Protein chains: 2
Amino acid sequence: MLRDKSLEELASIVGRENLLTSGEELLCHGYDAQHIEGLPDAIVVPRSTEEVAGVLRLANRERIPVVPRGAGTGLSGGSVPARGGIVLLLRKMDRVLKIDKGELYAVVQAGVVNKELNDMLVPLGLFYPPDPASYRTSTLGGNIATNAGGPHTLKYGVTRDYVMGLEVVSPTGDIYRTGALTVKSVSGYDMTSLLVGSGGTLGIITEATLRLLPRPEHTETMTASFSAIRKAAEAVTAILASGITPSTMELMDRTTINVVEDFKHLGLPREAEALLLIETDGPRGRAEEEAAAVAAICRGLGADVKSATSTEERERLWEGRRAALPALARLKPTTILEDVTVPRTRIPEMLEAVWRIARREGIEVGVFGHAGDGNLHPTFLVDERDGEEMGRVERAVEEMFMVALGLGGTLSGEHGIGLTKARFLELERGKAGIEIMRRIKRALDPNDILNPGKVFP
Amino acid sequence: MLRDKSLEELASIVGRENLLTSGEELLCHGYDAQHIEGLPDAIVVPRSTEEVAGVLRLANRERIPVVPRGAGTGLSGGSVPARGGIVLLLRKMDRVLKIDKGELYAVVQAGVVNKELNDMLVPLGLFYPPDPASYRTSTLGGNIATNAGGPHTLKYGVTRDYVMGLEVVSPTGDIYRTGALTVKSVSGYDMTSLLVGSGGTLGIITEATLRLLPRPEHTETMTASFSAIRKAAEAVTAILASGITPSTMELMDRTTINVVEDFKHLGLPREAEALLLIETDGPRGRAEEEAAAVAAICRGLGADVKSATSTEERERLWEGRRAALPALARLKPTTILEDVTVPRTRIPEMLEAVWRIARREGIEVGVFGHAGDGNLHPTFLVDERDGEEMGRVERAVEEMFMVALGLGGTLSGEHGIGLTKARFLELERGKAGIEIMRRIKRALDPNDILNPGKVFP
């Protein structure tokens, strides 16, 4: 619990109207998109970097946990106040400070929503590529803290690839800047990359300089359905080996195809073991040429290929992919969305293991994800009120992690370690690897006030 | 000086034949490609990660400075043993451990030469893009420690963009791994990016997993000469704004054009203020189409464009660019090669400032570099035996740094801070920014044994 004196001081830093302590407000900021875990003692809504620094100096002095929060759309408990304390809500720092069309960058505050930036870029013929599924509501600060990916990561890279520099408040309340306005810089350590994906444990990101790209002139969209997952995986490898990088290669397994079809009646091939949604983009001629080559590779491996010939058809093909999670979520009260990632040639082994483990444990699972990145989202459909079933799904998830690591994979492709995977981290990073990260955490946050209990076991 | 007991212990770790202490050997490992600074006490040549760990445990216990060294081709004193101690020469760890054609990665030891890896990749139709000027001799470990760039950085990115994971020995002698075999991973902090470019101050890189790309089918090469640098800079911006990313856009200024022409007689346009060497690559049709669009943009801005129509002509165009540094170096005994980088639209202001400062100080300067990245290599031509002239060049370099930072630039685009720019770092990073980096250095290297005196002032 926060002492009254600390609450008074917080009010004096951010203004009384930006300090929220009612029961309703606390409840509304204690969850993320997958987890409900404990309550904060106060919500603090700073309007400037200086206010953030003031809050952190107080918290550091009084040893109060601080959990930064954008829109709360994370999936690993990273923004959940697991040990109470202050939720630092960055939504009022929501200004786009600069868009430089010549140098191709934007300067934004942490609370700007991903889609808001992209809406401003459309008339300029530019875009900011990272597009997590939450892009309509999630903030750029949260995207950066979690190194968000998305369906277009395959061609365009993850959030880290677009962060040129940051303004950061350290856990002890010092303000510093990282990175440069140039595309190349080796002036000291790459603090930018260290902070991207650090899950709010090393510093509060208040401002970011983001690289932009010219918007591609044209996009071609197709689906390719395969009777066997191994053929779909072969197609993914063959396409990339041909030198073509599609802007997206999304995957749905048979269970997902069928629940989407039950939900949306799009005419999806119910008997297929895997469906790929593939896009190529760029100047019109090139996008068309690459799409033709991709379609030929898929057909050569026995796929049934459907190409969109209009914007409406394109929307229809995407509707199926977008419906994957909501369609699965209709079946059972609780959806456990996972994020294992393997080298892309190992996708068949990973998928077959997920199906096998789920069957053995008697749990329903649908798998969709980003095939080009080897990033799969096995989605377990359960009822959290059924303790026995939850025990079986926990066992299934743990075994799935072990299989992924055994295939040269990683615990998380894009959702992060946060709260829920912290106890598994040592399996991937080893004792020495975790100790090195811990030393960095201790060096920057000696009193462990920033998002305590996250990332580390 | 190392005590006999330490020398004995080093010999027992790496074998007597891998411990070098003769005067000649010490002399031969005390310089880099630009600097001669002090002598090491011993050269240690480990053959395995375990031997590296043993050497670091001894050095950490006895507080002996350790300076990692690949081929010694650096340009900022990073591999120079400024405080004596051990030079850890990684050239015997020179095996390519794996090339995975399906997943597009290679696993290499730190001592593999950049070109050796690429020679192995040619028959597989693959390449490793980062190509610093030293690629024929420099090691991949050194490339990683300095985050090496090169002429093809514009399209393909710097070394950091290709390092998927590392095996590292910490300054206290612990071995750990960073990164993943997958293209996406957010399992804990991005230790890989922190180590890339850290200049051998945070850990010894013993092994790296490097991302590979399919080799482009075709390359188009052209030169475009402009009567005014401002027109050349406009062309660079217009080309990128059109959505085309050439694989390279190299720049030479009038002084450089003329000394190269004196040296090589290639028929370069002596009256031009700036010459761009531009390449596009990819599938043949696309490379040709993009080259035509680039040539049209340049001609529209008044350039004289010459396109290579054969491999011989392409080689001839590159010969001029490659001769830039050797041609300049012929004029005076000492060449001071700088590395300032500015946002690319600021190139004209930066170049004009370099010319003006050099003129005022009465020093000859030729400028070449990577126009697409805003990365310029002003090359001052002096005589190090002339103390008064060296004073003037030092003043010129300092003023140039201030101008670059004022234009939103950085002290170093690709050569690193090393020894020579450490005292300027605070100008760019600020007191708080340096303090954060120092905390990381102290946390990982509590006894300051690893490359002491580098990066930090």
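The values are calculated or read from the model by the stated rules, or taken from the named source; none is laboratory data. Computed from a predicted model, the values in this text were never measured in an experiment. Note: ideal-geometry Cβ built from the backbone for every residue, glycine included; neighbour counts use all protein chains shown. Side chains are part of the model used for accessible areas, which takes the heavy atoms of the whole protein and leaves out ligands, DNA and RNA. Shrake-Rupley method; radii C 1.70, N 1.55, O 1.52, S 1.80 Å.
Please verify whether B:L121 is in contact with a helix residue (DSSP H, G or I) (Cβ under 6 Å, 6 or more places away or on another chain) and either surrounded by 18 or more Cβ atoms within 10 Å (Cβ to Cβ) or under 29 Å from B:K454 (Cα atoms) (or both), treating the condition exactly as stated. It is false that B:L121 is in contact with a helix residue (DSSP H, G or I) (Cβ under 6 Å, 6 or more places away or on another chain) and either surrounded by 18 or more Cβ atoms within 10 Å (Cβ to Cβ) or under 29 Å from B:K454 (Cα atoms) (or both).
Here's the yes/no breakdown for (1) within 30 Å of A:L337 (Cα to Cα); (2) touching a Lys or Arg at 6+ places or on another chain (Cβ under 6 Å); (3) part of a helix (DSSP H, G or I):
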residue: A:M1; (1), (2), (3): no, no, no
residue: A:L10; (1), (2), (3): no, no, yes
residue: A:E25; (1), (2), (3): yes, no, yes
residue: A:G38; (1), (2), (3): yes, no, no
residue: A:P46; (1), (2), (3): no, no, no
residue: A:V52; (1), (2), (3): no, no, yes
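Any residue in the range A:171-189 that is facing another protein chain (nearest Cβ under 8 Å), at pLDDT 95 or above, assigned to a loop (DSSP other than H, G, I, E, B) and over 21 Å from B:G408 (Cβ atoms)? Yes - at least one qualifying residue is present in the range A:171-189. Screening A:G453 on (1) of a type outside the set (D, E); (2) assigned to a helix (DSSP H, G or I); (3) open to solvent by 10 Å² or more (accessible area, probe 1.4 Å); (4) in contact (Cβ under 8 Å) with a residue 40 or more places away in the chain shows it passes everything except condition (2). Sub-8 Å Cβ pairs linking a first residue in the range B:419-442 that is under 24 Å from B:L75 (Cα atoms) and facing chain A (nearest Cβ under 7 Å) to a second residue that is of a type in the set (F, W, Y) and in a loop (DSSP other than H, G, I, E, B), at least 6 apart or interchain, are B:L425/B:F456; B:M437/A:Y189; B:M437/B:F456, ordered by first then second residue. A single member of A:V52, A:V66 is closer than 16 Å to A:G418 by Cα and surrounded by 23 or more Cβ atoms within 10 Å (Cβ to Cβ), and it is A:V66.
Going by the conditions given, is A:A308 of a type outside the set (D, E), closer than 30 Å to A:G197 by Cα, away from chain B (no Cβ under 12 Å) and touching a strand residue (DSSP E or B) at 6+ places or on another chain (Cβ under 8 Å)?
Answer is no for this residue.
The residue list A:R429, A:R395, A:R423 contains one member that is open to solvent by 20 Å² or more (accessible area, probe 1.4 Å), in contact with a Lys or Arg (Cβ under 9 Å, 6 or more places away or on another chain) and in a helix (DSSP H, G or I), which is A:R429.
Selection within the range A:365-376: residues that are within 14 Å of chain B (Cβ to nearest Cβ) and assigned to a strand (DSSP E or B). The member of this set that is surrounded by the most Cβ atoms within 10 Å (Cβ to Cβ) is A:N375.
Pairs linking a residue in the range B:127-140 that is of a type in the set (D, E, K, R) to a residue that is modelled with pLDDT of 95 or more, with Cβ atoms under 8 Å and 6 or more positions apart or on different chains, are B:D131/B:N114; B:R136/B:V113; B:R136/B:N114; B:R136/B:K115.
When A:T334, A:T345 are checked against the criterion of being farther than 30 Å from B:T172 by Cβ, among the hydroxyl-bearing types (S, T, Y) and more than 14 Å from chain B (Cβ to nearest Cβ), a single residue qualifies: A:T334. Do we have B:I205 as under 25 Å from the mean Cα position of the chain (by Cα), modelled with pLDDT of 95 or more and assigned to a helix (DSSP H, G or I) here? No, not satisfied. As a summary of the residue check, A:R61 satisfies the conditions (1) among the basic types (K, R); (2) assigned to a loop (DSSP other than H, G, I, E, B); (3) farther than 25 Å from A:S134 by Cα except for the one numbered (2). For A:S76, the conditions (1) over 28 Å from A:F368 (Cβ atoms); (2) at pLDDT below 95; (3) within 14 Å of chain B (Cβ to nearest Cβ) are fulfilled apart from (1). Output yes when any residue across the range A:66-87 is over 20 Å from A:D445 (Cβ atoms) and of a type in the set (S, T, Y), and no when none is. Yes; the residues of the range A:66-87 include at least one that is over 20 Å from A:D445 (Cβ atoms) and of a type in the set (S, T, Y). The set of residues from the range A:232-248 being over 17 Å from A:G302 (Cα atoms) and crowded, with 24+ Cβ neighbours inside 10 Å comprises A:P246, A:T248.
Of all residues in the range B:383-404, those that are under 17 Å from B:A422 (Cβ atoms) have Cβ atoms under 7 Å from Cβ atoms of residues that are aromatic (F, W, Y), 6 or more apart or on another chain, in B:F401/B:F424. Of the strands (runs of 3 or more DSSP E) that lie entirely inside the range A:86-146, those containing 3 or more residues that are in contact with a strand residue (DSSP E or B) (Cβ under 9 Å, 6 or more places away or on another chain) and within 26 Å of A:I417 (Cα to Cα) span A:86-89.
When the criteria are applied in full, A:R61 fails the requirement of being touching a Lys or Arg at 6+ places or on another chain (Cβ under 8 Å) and either within 15 Å of A:G173 (Cβ to Cβ) or open to solvent by 40 Å² or more (accessible area, probe 1.4 Å) (or both). Any chance the range B:349-362 includes a residue that's within 14 Å of chain A (Cβ to nearest Cβ), at pLDDT 90 or above and more than 23 Å from the chain's Cα centre (by Cα)? For the range B:349-362, residues within 14 Å of chain A (Cβ to nearest Cβ), at pLDDT 90 or above and more than 23 Å from the chain's Cα centre (by Cα): present.
When the range A:252-292 is filtered for residues that are open to solvent by 50 Å² or more (accessible area, probe 1.4 Å), at pLDDT 95 or above and within 14 Å of another protein chain (Cβ to nearest Cβ), the ones remaining, listed by number, are A:E288, A:A292. The lone criterion from (1) among the polar types (S, T, N, Q); (2) assigned to a loop (DSSP other than H, G, I, E, B); (3) buried (at least 19 other Cβ atoms within 10 Å of the Cβ); (4) away from every other protein chain (no Cβ under 12 Å) left unmet by B:T379 is number (2). The residue list A:P452, A:P446, A:P457 contains one member that is more than 14 Å from every other protein chain (Cβ to nearest Cβ) and closer than 30 Å to A:Y189 by Cβ, which is A:P452. Residues in the range B:161-193 that are surrounded by fewer than 23 Cβ atoms within 10 Å (Cβ to Cβ) and within 17 Å of the chain's Cα centre (by Cα): B:D161 alone. The listed residues are A:K101, A:K92, and the only one of them that is over 29 Å from A:E384 (Cβ atoms), at pLDDT below 95 and open to solvent by 30 Å² or more (accessible area, probe 1.4 Å) turns out to be A:K101.
For a quick check of your reading: which helices (runs of 4 or more DSSP H) sit entirely within the range B:227-338 and have at least 2 residues that are of a type in the set (F, W, Y) and in the same structural domain as B:L381 (by TED's automatic domain parsing)?
none
Hey, can you tell me all the residues within the range A:324-364 that are crowded, with 20+ Cβ neighbours inside 10 Å and under 22 Å from A:D131 (Cα atoms)? Those that are crowded, with 20+ Cβ neighbours inside 10 Å and under 22 Å from A:D131 (Cα atoms): A:A324, A:A327, A:L328, A:I336, A:E338, A:D339, A:V340, A:T341, A:V342, A:P343, A:R344.
Taken over the range B:13-35, residues that are of a type outside the set (D, E) and out of contact with any helix residue (DSSP H, G or I) (no Cβ under 9 Å at 6 or more places or on another chain) amount to 12.
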